[in-house]
Amino acid sequence: MSKCEYMKRFSIYIVLCTLSLSTLLSSCGVYRKYKSQTEVPDDLYGSGDSIAQAAMADSATIADISWREFFRDPLLQTLIDSALVRNTDLRAARVAVEQAQASLTAAKLAYLPSLTLNPQASISSTMGTNGSFGAASYTYHIPLQLDWNIGIAGSVTVQKRKAQAVLEQAKYTRDATRANLISSVAQYYFRLLLLDRELEILLLTDSLWNVSLETERALWENGKAYSTAVNQMESSNLTVKTQILDTKRNILATENALCKLLRMTPRHVERNAWGTFELPDRFSTGVPALLLEKRPDVRVADQQLAEAFYNTAAAKAAFYPSFSLQGLIGWTNNGGIIADPGALLLKAAASLVQPIFAQGKLRANLKIAKLSQEDKLDQYVQTVINAGNQVNEALADCQVAKDKDLIYKRQVAVLHLAYTGTHELMNAGKASYLEVLTAQESLLKAQLNEVENLFEGSQALIALYIALGGTSK
């Protein structure tokens with residue numbers, strides 16, 4: 001038989017085995033795909049006339065709002081854009097996605113056979129009775145080997161889908177890292193605005209209290225006040241001066257922390273002044289399921305459940321037989337005289353392996369996989385409940401901060417008038433230093449409460465951004 005006929009028969013054998021295997025797989029089928037969880041409790045956001053329920057009355061699409069609409073300060077947006085490019089943790093999360101993508105590609109290629117080329121050559125000679133070596137014998141093999149191992153129960157498909165679930169987890173983890181990075185930059189920025197405003201208030205207070213102190217000293221020198229009044233006012237003034245120093249130090253520390261997050265050397269951070277707490281124009285939420293499906297943690301929990309689902313499928317597939325197909329083609333001289341190109345070497349083999357008794361390992365693995373899948377389902381449900389709670393809390397905090405802002409502004413205006421009037425009465429000798437001191441401290445407290453409420457509102461806005469999934473637009 002000629003070499004061409006050998007090659008033709010060998011190719012026909014491989015094709016027939018492949019077709020038979022495909023028919024067997026199609027008759028057995030593969031495991032069904034995992035279906036993502038979508039059900040959420042009807043009362044996920046609470047019930048009754050809560051503040052959060054009132055804020056959700058419009059039922060629109062806040063979950064689709066870009067982070068630029070949440071954080072509309074142009075300088076803050078510039079900082080966030082820089083962080084998205086430079087931050088080390090986000091870059092690492094992107095690398096993890098690429099690694100998972102490579103694993104998925106490998107899992108897809110598992111459908112194909114492997115080909116290996118393993119050339120071998122040897123030389124041998126034996127010593128004769130006269131003590132000399134005889135003629136050398138040269139041997140060579142140049143085989144191209146094919147190996148194809150396929151699980152009849154669709155184990156390759158299960159592994160591919162599992163790798164897909166791992167890739168999705170990596171993507172959602174990257175999205176979560178991105179959202180957390182945006183929120184961290186916003187937190188530092190809003191804290192800088194808080195500290196700037198506090199420093200502005202303290203400096204103005206220091207200036208006003210210096211005037212009051214000089215007035216009280218003048219009254220004491222003219223015998224119209226006691227020295228204890230001067231000492232008390234000076235002590236309060238010195239307290240403000242220490243607060244100014246502490247605030248300046250906190251500003252520097254916050255700028256350094258923000259620069260570290262942006263992977264920059266310490267420097268001054270450009271920022272705007274703070275005005276009034278504002279919410280996005282489209283302040284509404286929409287259907288709970290539509291909100292929650294955008295949260296990376298819910299998506300990760302869902303894909304972890306998918307991974308557990310495919311682990312269970314793989315554990316079931318281990319009970320079924322596995323099919324292996326091997327083929328070899330090449331040339332060899334089979335020892336002796338070198339022939340060019342040598343004799344044609346052909347080999348084909350197929351094997352079917354059915355596990356019968358594996359010391360209970362297969363059943364144990366299946367039970368463990370099922371229990372892990374149940375645990376992941378419980379974790380998913382808890383993640384959804386936690387998400388609903390966070391949305392409810394963030395909405396309530398945003399609404400309260402918005403309502404309190406108007407109250408604090410009115411309180412500051414009233415107390416400023418009270419302080420001005422009391423100071424004028426002291427100049428006229430109709431009010432004591434205690435009344436002026438009380439008015440000064442009340443005004444300072446109200447001003448600090450106002451700016452603190454702005455900061456709390458900004459934190460609630462950041463919490464809402466995260467609770468709604470940290471939009472990636």
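The values are calculated or read from the model by the stated rules, or taken from the named source; none is laboratory data. Quantities reported herein were computed from a predicted structural model and do not represent experimental measurements. Virtual Cβ from ideal backbone geometry, glycine too; neighbours counted across all protein chains shown. For accessibility, only protein heavy atoms count, side chains too; no ligands or nucleic acids. Shrake-Rupley method; radii C 1.70, N 1.55, O 1.52, S 1.80 Å.
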query: Is one or more of the residues making up the stretch 430-439 open to solvent by less than 80 Å² (accessible area, probe 1.4 Å), among the hydrophobic types (A, V, I, L, M, F, W, C) and free of Cβ contacts under 8 Å to residues at least 24 places away in the same chain?
result: yes
message: Just to verify a result, which residue in the stretch 95-123, among those that are part of a helix (DSSP H, G or I) and open to solvent by 90 Å² or more (accessible area, probe 1.4 Å), is farthest from residue 188 (Cα to Cα)?
response: 109
- prompt: Looking at (1) at pLDDT 80 or above; (2) open to solvent by 20 Å² or more (accessible area, probe 1.4 Å), can you tell me which one residue 423 breaks?
  reply: (1)
task: Select from the stretch 203-235 the residues that are surrounded by 15 or more Cβ atoms within 10 Å (Cβ to Cβ) and outside any helix (DSSP H, G or I) and list them in ascending order.
output: 225
field: Index of the failed condition, residue 145 passing every other in (1) assigned to a helix (DSSP H, G or I); (2) of a type in the set (S, T, N, Q); (3) open to solvent by 60 Å² or more (accessible area, probe 1.4 Å)
entry: (1)
message: Please verify whether residue 450 is within 30 Å of residue 233 (Cα to Cα), of a type in the set (Asp, Glu) and surrounded by fewer than 17 Cβ atoms within 10 Å (Cβ to Cβ), treating the condition exactly as stated.
response: no
task: Give 160, 248, 260 a once-over and let me know the one that is among the basic types (Lys, Arg), assigned to a helix (DSSP H, G or I), open to solvent by less than 70 Å² (accessible area, probe 1.4 Å) and more than 23 Å from residue 434 (Cα to Cα).
output: 160
- prompt: Taking residue 238 and the conditions (1) among the aliphatic types (A, V, I, L, M); (2) touching a helix residue (DSSP H, G or I) at 6+ places or on another chain (Cβ under 7 Å); (3) open to solvent by 80 Å² or more (accessible area, probe 1.4 Å), which numbered condition does it fall short on, given that it satisfies the others?
  reply: (2)
- prompt: Is there a residue in the stretch 400-418 that is over 21 Å from residue 192 (Cα atoms) and touching a residue at least 60 places away in the same chain (Cβ under 8 Å)?
  reply: yes
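Residues are listed down the side, and each one gets a yes or a no for (1) at pLDDT 90 or above; (2) surrounded by fewer than 13 Cβ atoms within 10 Å (Cβ to Cβ); (3) in contact with a Ser or Thr (Cβ under 6 Å, 6 or more places away or on another chain); (4) farther than 30 Å from residue 439 by Cβ:
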position	(1), (2), (3), (4)
349	no, yes, no, yes
364	no, yes, no, yes
382	no, yes, no, yes
402	no, no, no, no
413	yes, yes, no, no
Residue 458, sole failed condition from (1) under 25 Å from residue 35 (Cα atoms); (2) of a type outside the set (A, V, I, L, M, F, W, C); (3) in contact (Cβ under 8 Å) with a residue 40 or more places away in the chain: (1)
message: Looking only at residues that are of a type in the set (Gly, Ala, Ser) and at pLDDT 80 or above in the stretch 141-181, which one is nearest to the chain's Cα centre (by Cα)?
response: 176
query: Of the numbered conditions (1) out of contact with any Gly (no Cβ under 7 Å at 6 or more places or on another chain); (2) of a type in the set (S, T, N, Q); (3) over 20 Å from residue 200 (Cα atoms); (4) open to solvent by less than 70 Å² (accessible area, probe 1.4 Å), residue 392 satisfies every one except a single condition; which is it?
result: (1)
